[in-house]
Amino acid sequence: MADNGTVTATATGNPAGNPDGTPGGAAGGAPDGTTLREVVLLGSTGSIGTQALDVIRRNPGRFRVTALAAGGGRVDLLAEQALEFRPEVVAVARASAAQDLQLAFYAEAQRRGFSAGEYPIPKIVAGPDAVAEVAAHPCDVVLNGVTGALGLASTLAALDAGRTLALANKESLIVGGPLVKRRARPGQIVPVDSEHSALAQCLRGGRAEEVRRLVLTASGGPFRDRTRAELADVTVEQALNHPTWDMGPVITINSATLVNKALEVIEAHLLFDVPMDRIEVMVHPQSYIHSMVEFADGSTLAQTSPPDMRLPIALGLQWPDRVPDAAPGVDWTRAHTWELFPLDDEAFPAVRLARHVGTEGGTFPAVFNAANEQCVDAFRAGTLSFLGIVDTVARVVEEHAARDDRPADLTVEDVLAADAWARERARALTETG
């Protein structure tokens, strides 16, 4: 739903070929006639990546993996994935992990009882540019499940190569903002975050001009009933104990501070071109209502399902079509109680700060995201309190405003410079207190 025609959540169906002239998919497909889609998976060893591979594993007639990429911290798992899904290329961001990955291939092959030469060794690319290189590999859809601002280069590479981008790496859109939107064709970006996938589905129910507001739901994290004073002594272990979702440590802590929801407000603004003041957040502890759209006539459409990321992942891979039995549905044979509460902005000021950051635009979202990532690291290291995470981010954002750093035409260099400044400033603040 983009007024300027750049980024929407209504990607076209599987094309016959890619815009650069490469084949659009392999022969064959699902029993219902769906064409096989070739997939490049970035961040394959993380939470999104492993769940995406589960979707692909259960739908061999719909998807085929052509490339995998990961940071390089779990080479054993990456080798296991590569031998199972037989990609043409495997990328690791850490150059020193290339040899470890090669050895892991042989060890995993031996464990599976393969003799030498009985299985194909994929091409290995390694180094800081390897993941972005693989993002342009021939395929139908690139699923970007990389964590953090490091995913920006891969997002831009996939868009420039003309691939459909199933975007789980919200940070790349948030920090890239207009830069990412300028590079995207209409419908090229399909959201994978459960909330934005829900919004994309609900927006099918009306025209852009009929949308009154978007309502993002938040589980509230493990501390949703606490006051600000009660959050003063939160430990890392407590912050990592999410009541609903199984996610990586950074996203889990972001959920506890509500920074994750703050980022999602900015993401929704950029994806759907809805003004920041028309995007609301409601706390929904049960996590069955993933988000809602209110229309001009007063009606509200909601997308509901049990909390299972395989559903939005499958929809992102197959958009605009649905994958049968991607995840279990709601059990309508029993009673349910679903609650919605307004967000406590005093205890959780991150969303309020994000509205300011998103309205300012430019490099502000990059500063917000980078400072937060640095502050989360400091919290995990024990040098910053839980409340200090958002308080420090707010201070860095305020200092950035005083720098009057507002490029007229945002570039990658602008984003990287703002990111680096914010990380260094947050590091200095968390080291000195």
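Odds and ends about this structure:
- Checking ARG163, ARG183 one by one, the residue that is over 27 Å from TYR288 (Cβ atoms) and touching a strand residue (DSSP E or B) at 6+ places or on another chain (Cβ under 6 Å) is ARG163 and no other.
- Strands (runs of 3 or more DSSP E) lying entirely in the stretch 185-292 (those with 3 or more residues that are closer than 22 Å to ASN372 by Cβ and over 21 Å from the mean Cα position of the chain (by Cα)): none
- Selection count, the stretch 383-400, where residues are closer than 16 Å to GLU237 by Cβ, surrounded by fewer than 22 Cβ atoms within 10 Å (Cβ to Cβ) and not aromatic (Phe, Trp, Tyr): 1
- Note on the stretch 85-134: residues that are assigned to a helix (DSSP H, G or I) and touching a residue at least 40 places away in the same chain (Cβ under 8 Å) total 4.
- Hey, ALA408 touching a helix residue (DSSP H, G or I) at 6+ places or on another chain (Cβ under 9 Å) and free of Cβ contacts under 8 Å to residues at least 60 places away in the same chain or not: no
- Within the stretch 321-329, not a single residue is at pLDDT 95 or above and outside any loop (DSSP other than H, G, I, E, B).
- Members of the stretch 310-357 found to be among the hydrophobic types (A, V, I, L, M, F, W, C) and surrounded by fewer than 17 Cβ atoms within 10 Å (Cβ to Cβ), listed by number: VAL330, TRP332, ALA335, TRP338, LEU340, PHE341
- Residues of the stretch 175-222 that are out of contact with any Pro (no Cβ under 8 Å at 6 or more places or on another chain) and of a type in the set (Asp, Glu): GLU195, GLU209, GLU210.
The values are calculated or read from the model by the stated rules, or taken from the named source; none is laboratory data. Predicted model only: the values in this text are computed from it and were never measured. Backbone-built Cβ (ideal geometry, glycine too); neighbour counts: all protein chains shown.
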